[in-house]
Every structure is written in structure tokens, then in C-alpha cells.
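Single-structure report; data block below.
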Amino acid sequence: MKNLGVEGTLLNWFESYLKSRQQRVVIEDSSSSWKEVKAGMPQGSVLGPLLFLIYINDIQHDIDSDCFLFADDTMLLEEACSPQSAALNKDLNLFHC
């Protein structure tokens, strides 16, 4: 977000919104224990889709393969020849969290 010019109070607000989140599963009368959410965007929120788009906005600048983005889908395209396979594998490793 800093790369987009977001700073100060607004940046602090977004950081507090995205950090220290917990979730649990509830099915009828049963519920799981609370677990920390360490990654991802809050689901079901108004800001979720916008924050996700901001998060992946510059992904095309970091990879060598052809990259196509649509909504929350990402496709990397590369021929399966030796040099290109190396580039695709390098790009796929960027996605591994």
C-alpha cells in the first residue's frame, strides 16, 4: 500500500484491519476453537475484493511468464521447453507461501 501512496493514519488503519485476526467454524450447536488467521483477505467484507486487487495488482511486474488476471483467478502461461520451464518454475515459486 505504501507503493500506492497510502501512508499515515490510513495505512495504520489498514494494518490494524488485516493483522491479529481470528476465525472459527460453527456448525449448528458446535464450534471449533479460535485460530489465528496469518494470511489472506477477510472474506465477506466490503473491502475484501478491493484489498485483494491491491494485493495482486503488481504481480505481473515480478514474473517472467505471461500472466493473466481476472477477478480472483491468476493464470501463468509458458511453453514447456527447457528455458521456459525454468522461468515458469521460478514464477510458481514466487506464489508459494
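Computed from the coordinates by the stated procedures, all read-outs in this text should not be read as laboratory data. Just so it is clear, the structure is predicted and the values come from calculations on it, not from any experiment. Note that we place each Cβ from the backbone using ideal geometry, even for glycine, and neighbour counts take in every protein chain shown.
Observations, loosely collected:
- Neighbourhood charge, 15 Å Cβ-Cβ cut-off, centred on Glu79 and excluding it, Lys, Arg +1 and Asp, Glu -1: -3
- For Val37, distant residues with modelled amide H under 5 Å away: Arg21, Gln22, Gln23
- Debye intensity ratio in log₁₀ form over the Cα atoms of the chain, taken at each q of 0.11, 0.14, 0.25 Å⁻¹: -0.51, -0.74, -1.31
- Across the stretch 1-53, Cα-Cα pairs farther apart than 17 Å form 50% of the total.
- Cβ-defined net charge surrounding Asn89, 14 Å radius [Lys, Arg +1; Asp, Glu -1]: -3
- Distance between the 7 Å Cα→Cβ label points at Gln60 and Phe95: 1.6 nm.
- Measuring nothing but how far apart in sequence close Cα pairs (under 8 Å, 6+ apart) lie, relative to its length, the stretch 1-57 scores a relative contact order of 23 percent.
- Treating r as the C-beta distance of Asp72 and Gln23 and R0 as 22 Å, the FRET efficiency rounds to 0.75.
- Each Cα pair under 8 Å and six or more residues apart adds its separation to the average, and for the chain the resulting relative contact order is 14 percent.
- Annotation: peptides 21-29, 4-12, ranked by per-residue average of other Cβ atoms within 10 Å with the highest first, follow the order 4-12, 21-29.
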